[in-house]
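K.L.:
Input: one structure, supplied below.
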Amino acid sequence: MNPRILALLLLALLLPLATRAAEDLVVADFEGGSYGQWQAIGDAFGTAPAPGPLPGQMPVDGFKGKGLVNSFNTGDDATGSLTSPPFRIQRKYLAFLIGGGRNESKLTLQLLVDGQPVRSATGPNSQSGGSESLSQESWDVSEFDGRMATLRIVDDAQGGWGHLNVDHIVQTDRKPAGPRKDVTRTLKARRPYLQIPIRNGAPKRVLTLFIDGQKIVRNDVELAPGTPDWWAVMDISPWKGKELVLQVDTLPVDSQGLDLIYESSVPADQGSLYKEPLRGQIHFSPKRGWNNDPNGMVYYNGEYHLFFQHNPYGWGWGNMHWGHAVSRDLVHWRELGDVLLPDDLGPMFSGSAVVDWKNTSGLGKEGRPPMVLIYTAAGNPTVQCIATSTDGRTFTKYPGNPVLKQITGGNRDPKVMWHEPTQRWVMVLYVELPNRGHTVHFFTSPNLKDWTLASITDGLPKSNYLFECPDFFELPVDGTSDQRCWVLLGANSEYAIGTFDGTRFTLEQSRLPGHRGQGFYAPQTFSDIQASDGRRIQIGWFQTETKGMSFNQSMTVPIELRLASTASGPRMTFTPVHELERLRAKTVQADGRTLHAGDPNPFAKVRGDALELRADFEPGSAREVVLRVRGATVVYDVAKEEIVVDGHKAPAPLRDGRQSITLYADRTGLEVFASGGLTYVPKPFQPRAEDQSVEVDVKGGSAAFQTLRAYPLRSIWKGTR
Ligand code: FRU
């Protein structure tokens, strides 16, 4: 062969070898159940790599394989370091995955050459919220080629985000594509809405909106990298014509999340809204996103206002905003936009609302008394704030916020009421004290702005149940006004009864059971109850999970609370409000019937998506009275005087030898009221869509029904947009 051709051939063969990058060298992948030769000092790193999230930690993702370094061992307060054995630098880059807290001096992955730190990296999160997602980073270390080095992971930080996550440390000649940081996109606000693509479970990104250089709002968003599960809607109408700058803190190179955001005149799901398969038909739920506690329940200008803990940008809890809905009849709700957005004082946690009839706050306008919202801003410190409105639509945060400084971390959920005898406002606030556990603090104020501590709950049982979301009100016993009691209620709906002199609540009975079911929490009652004929009306957070939907959770039906005397003293009763009767589409009644075991079902022809059932009966010789609604079974066990709702047992005493059961069934849950309202059993439950049946059955004898009725119900959403 021609030597020139041979040389060329050889060159062609060898060239790729010379230019091909050398194989990657894994420095540490933290697999295999031990740190190997890495040395851990202190508690933060434990004795071995973590398998993922540690107890009390949010989900951790973005690491490789089955293990990672996670300095959340025993929590954020633990400190320590983890040091590698020496290794030789042999490639151009040192690449790694890193996540957790951001603190350039206290939370670091360091590269040491000759004992001196020459490179350092920290995690991405510096404020509450954020995500435990690890992302790719790398250092160019070519200048240290051939030198010996060590890596040291340091956690000297305590408190929120006081930990670091590290995994998969590799020497490589190819710079790994790291995520882009603080990526921005500028849009002109021409249309009222911004559509944000959400994929449930995607790593959370911090999405911040800036206008005129000012930060407007910051949210943690499960930003879809591609096709979203659903579109969150941000109302941008207040900024029409302005330039909006959207910033995402970390965006993987292949993510289209930021580009997919678009402006629209009509929300993307407008056609399917309220028609979703798991939309509760008689229970309020937000159009999109997550809800928890009801907030700010108040009657104002002819409308009931229901605010609620809302995450507009996720299916799970987070980014707490106050959502807002109004109703003229307590039954049909129209959701308006969010009114309180997270700000520099923190996310917007639970609270209440009052009408300041006498304009004690001076925040009224042109003779109109203001509606005042009192809420927790849950930053660090966690403080109490107010916001006002004179039209029930637009709300302004008070410039003098906060109105109450932090007492101890996590103090929250102010519920305020007007105390007529002392002509002052009274606030109950949940406060955990180092030596006394969970307490309720009572404050008074002449004007909703200046608050003075009046007293702290005393004499509560050791295992204190008044935890979060206190409510406080006075009720007559048996509807007469000569005996009145004060009720102090906690988030789990357990309550205490006592007296109140305007400053101090004196307990008479404590730790009384509230609801007897499941999935009920953080209830609140309407303030300004004149509008409800003096009724005390409660709505609770109904924990109805709706997988696959673009919304999650709901509220219970409105329930009237009363005090009824019993042999052991006054007890709270729960009665669904009469306004719900207007949902009845049809009445099928079998009143006055005595049913025997084996009798045909009087409701054989009834069908309903949402249903109400009423049964008042003397149990006679029956062993059980069984109601079956949409596949859920509610059994009244006569001998045990117990009701079993879809497998969940609750005491339900006969009253004057009779039992009265009212039941509401929906696509997402059951609410059962028994024993004249003494027993209330909420229970999340998802029937099969095709089972719309109702059945009544008596076992082991016969029972005489004074009332026996089934009512298929209309949807509360009919015609709602
Ligand atoms: C109760 C609660 C409140 C808090 C809110 C935050 O469910 O934890 O104490 O204010 O939720 O969303």
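The values are calculated or read from the model by the stated rules, or taken from the named source; none is laboratory data. In this text, all values refer to a predicted model and were calculated from it rather than measured experimentally. Glycine gets a Cβ as well: all are built from the backbone with ideal geometry, and neighbour counts include every protein chain shown.
K.L.:
Determine whether region 100-110 contains at least one residue that is in the same structural domain as Met58 (by TED's automatic domain parsing) and touching a residue at least 60 places away in the same chain (Cβ under 8 Å).
P.N.:
yes
K.L.:
Among the residues of region 389-409, how many are among the basic types (Lys, Arg) and surrounded by fewer than 17 Cβ atoms within 10 Å (Cβ to Cβ)?
P.N.:
Here the count works out to 2.
K.L.:
In region 441-476, which residue that is under 16 Å from Gln524 (Cα atoms), part of a loop (DSSP other than H, G, I, E, B) and free of Cβ contacts under 8 Å to residues at least 40 places away in the same chain is nearest to the ligand (Cβ to nearest atom)?
P.N.:
If we take residues in region 441-476 being under 16 Å from Gln524 (Cα atoms), part of a loop (DSSP other than H, G, I, E, B) and free of Cβ contacts under 8 Å to residues at least 40 places away in the same chain, then Phe467 is nearest to the ligand (Cβ to nearest atom).
K.L.:
Right, here's the next one. Is it the case that region 541-558 has a residue that's buried (at least 17 other Cβ atoms within 10 Å of the Cβ), on the phi > 0 side of the Ramachandran plot and within 16 Å of the ligand (Cβ to nearest atom)?
P.N.:
yes
K.L.:
May I pose another question? Before we move on, is Gln483 within 16 Å of the ligand (Cβ to nearest atom) and on the phi < 0 side of the Ramachandran plot?
P.N.:
No, not satisfied.
K.L.:
Can you pull out the residues in region 342-388 that are surrounded by 24 or more Cβ atoms within 10 Å (Cβ to Cβ), away from the ligand (no atom under 13 Å from the Cβ) and of a type outside the set (Val, Ile, Thr)?
P.N.:
Ala353, Pro370, Met371, Leu373
K.L.:
Of all residues in region 423-454, which are crowded, with 18+ Cβ neighbours inside 10 Å and not hydrophobic (A, V, I, L, M, F, W, C)?
P.N.:
Arg424, Tyr430, His438, Thr439, His441, Thr444, Ser445, Lys449, listed by residue number.
K.L.:
Show the residue pairs that are 6+ apart or on different chains and have beta-carbon atoms under 8 Å apart, the first residue being within region 350-378 and outside the structural domain of Ala325 (by TED's automatic domain parsing), the second being modelled with pLDDT of 95 or more and buried (at least 22 other Cβ atoms within 10 Å of the Cβ).
P.N.:
No pair meets every condition.
K.L.:
Which condition breaks for Tyr262 when tested against (1) surrounded by 21 or more Cβ atoms within 10 Å (Cβ to Cβ); (2) farther than 28 Å from Glu581 by Cα; (3) not aliphatic (A, V, I, L, M)?
P.N.:
The one condition Tyr262 does not meet is (1).
K.L.:
Considering every residue within region 318-341, establish whether at least one is under 16 Å from Ser389 (Cβ atoms), in a loop (DSSP other than H, G, I, E, B) and within 16 Å of the ligand (Cβ to nearest atom).
P.N.:
yes
Results for (1) under 28 Å from Thr668 (Cβ atoms); (2) modelled with pLDDT of 95 or more; (3) not in a loop (DSSP other than H, G, I, E, B), shown as yes or no for each residue.
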| position | (1), (2), (3) |
| --- | --- |
| Glu581 | yes, yes, yes |
| Asp591 | no, yes, no |
| Pro602 | yes, yes, no |
| Glu612 | yes, yes, yes |
| Asp616 | yes, yes, yes |
| Leu627 | yes, yes, yes |
| Lys649 | yes, yes, yes |
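K.L.:
Which of the residues spanning region 156-179 are in a strand (DSSP E or B) and either within 30 Å of the chain's Cα centre (by Cα) or exposed (fewer than 15 other Cβ atoms within 10 Å of the Cβ) (or both)?
P.N.:
Leu164, Asn165, Val166
K.L.:
Taking region 95-132 as the region of interest, how many residues are touching a Lys or Arg at 6+ places or on another chain (Cβ under 7 Å), in a loop (DSSP other than H, G, I, E, B) and modelled with pLDDT under 95?
P.N.:
5
K.L.:
Ok, one more. I'd like to check something: does region 273-283 contain any residue that is among the aliphatic types (A, V, I, L, M), surrounded by fewer than 23 Cβ atoms within 10 Å (Cβ to Cβ), outside any loop (DSSP other than H, G, I, E, B) and outside the structural domain of Val233 (by TED's automatic domain parsing)?
P.N.:
Checked against the condition, which is being among the aliphatic types (A, V, I, L, M), surrounded by fewer than 23 Cβ atoms within 10 Å (Cβ to Cβ), outside any loop (DSSP other than H, G, I, E, B) and outside the structural domain of Val233 (by TED's automatic domain parsing), region 273-283 yields no hits at all.
K.L.:
Next up: Check whether at least one residue in region 693-706 is within 24 Å of Glu560 (Cα to Cα) and either in the same structural domain as Ser565 (by TED's automatic domain parsing) or not in a loop (DSSP other than H, G, I, E, B) (or both), and report yes or no.
P.N.:
yes
K.L.:
(1) without any contact (Cβ under 8 Å) to a residue 40 or more places away in the chain; (2) more than 15 Å from the ligand (Cβ to nearest atom); (3) of a type outside the set (Ser, Thr, Tyr): which one isn't true of Asn401, the others all being true?
P.N.:
All conditions are met except number (1).
K.L.:
Taking Val681 and the conditions (1) surrounded by fewer than 23 Cβ atoms within 10 Å (Cβ to Cβ); (2) within 26 Å of Asp591 (Cβ to Cβ), which numbered condition does it fall short on, given that it satisfies the others?
P.N.:
Among (1) surrounded by fewer than 23 Cβ atoms within 10 Å (Cβ to Cβ); (2) within 26 Å of Asp591 (Cβ to Cβ), Val681 violates only (1).
K.L.:
Follow-up question, since we're still on this one. Test Tyr495 against the stated conditions and say whether it is among the aromatic types (Phe, Trp, Tyr), at pLDDT below 95 and under 29 Å from the mean Cα position of the chain (by Cα).
P.N.:
In short, no.
Matching residues to (1) crowded, with 20+ Cβ neighbours inside 10 Å; (2) without any contact (Cβ under 8 Å) to a residue 40 or more places away in the chain:
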site	(1), (2)
Val69	yes, no
Leu97	yes, no
Ser128	no, no
Glu143	no, yes
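K.L.:
Now, a different point. Using beta carbons and a limit of 8 Å, which pairs, at least six apart or on different chains, have the first residue in region 296-317 and assigned to a loop (DSSP other than H, G, I, E, B) and the second one more than 16 Å from the ligand (Cβ to nearest atom) and among the polar types (S, T, N, Q)?
P.N.:
Sorted first by the residue in region 296-317, then by its partner, the pairs are Gly314/Asn200; Trp315/Asn200; Trp315/Ser550; Gly316/Asn200.
K.L.:
With the checklist (1) more than 17 Å from Phe45 (Cα to Cα); (2) crowded, with 18+ Cβ neighbours inside 10 Å; (3) among the β-branched types (Val, Ile, Thr) in hand, flag the one item Thr83 doesn't pass.
P.N.:
Thr83 satisfies all of (1) more than 17 Å from Phe45 (Cα to Cα); (2) crowded, with 18+ Cβ neighbours inside 10 Å; (3) among the β-branched types (Val, Ile, Thr) except (1).
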